[in-house]
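Have a look at the structure below before the remarks.
Readers should treat all values here as calculations from the given coordinates under stated rules, not as data from a laboratory. Keep in mind that what you see is a predicted model, and the values were worked out from it rather than measured. We place every Cβ from the backbone using ideal geometry, glycine too, and count neighbours over all the protein chains shown.
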Amino acid sequence: MIGAGLGILAFANRTVPPATVVVAVPEPVRMATVSRPAPKPSPTPAPLVVRSVLPISGPLKFGEHHWDETRGVTGPLIITVDLEAQVLSVFRDGHEIGATAILYGDNDKPTPLGHFPITEKDAVHVSSIYGSPMPYMLRLTNDGISVHGAEVEWGYATHGCIGVPVAFAKKLFGVVKLGDVVIITRGKTLTMGQPITA
């Protein structure tokens, strides 16, 4: 019995070295290098070109305006202003859909030249500087230059804004969106097929 007991004791006290776990690690796989073409830059949109103009006979008179959307039903919209000709034109998808005689700033407060995105629309705006109504106002600059409805008559001027007949201003207000561009030039004329740029 003693021997048997010792045998059991010896077995119980026996230490077994910890098992060694062998993990097979695969060789790193070399991936083939795939060359991808560099991403192409977004194409610069082609400028709109004059595709059609309104059939207006003779120079525009003060207060006169024309509007016809039958050709330029959809597409990007650009407004051009020629201070020398005193005309504002609205082009949608290259088709002139509106044209009117304008008022603009005199020598003391001239209308600026350049490209101006419309940054604000306000149908019942009143000038915070002059207290005068500016119906259907389309803001072009932070210092108050805008396109708005006005009494467009001979001998009148603005404080730098583009004044258009109120009925025309209402139609214009209805079709433009924020970000649409107004291009103001002095003496630049456009012809059929020509890009609409400054």
Counting Lys and Arg as +1 and Asp and Glu as -1, each charge on the Cβ, what is the dipole of the stretch 71-198 about the Cα centre in debye, to the nearest 20? 360 debye
Distance-filtered residues of the stretch 149-185 - backbone nitrogen under 17 Å, label point 7 angstrom along K109 Cα→Cβ: 149-153, 155-164
Once Lys and Arg are counted +1 and Asp and Glu -1 for all other residues with Cβ under 9 Å from that of E84, the total becomes +1
Once fully extended, how much extra length lies between H66 and T141, figured as 0.36 nm per residue of separation less the alpha-carbon to alpha-carbon distance? 24.4 nm
I need the peptides 135-141, 53-59 ranked by packing, meaning the mean over residues of other C-beta atoms within 10 angstrom, with the highest value on top. 135-141, 53-59
If packing is taken as the average count of other Cβ atoms within 10 Å, what order do 159-171, 183-195 fall into, highest mean first? 159-171, 183-195
Relative to a virtual label point 7 Å from the Cα of K170 in the Cα→beta-carbon direction, which members of the stretch 139-155 show backbone nitrogen distances below 20 Å? 139, 147-153
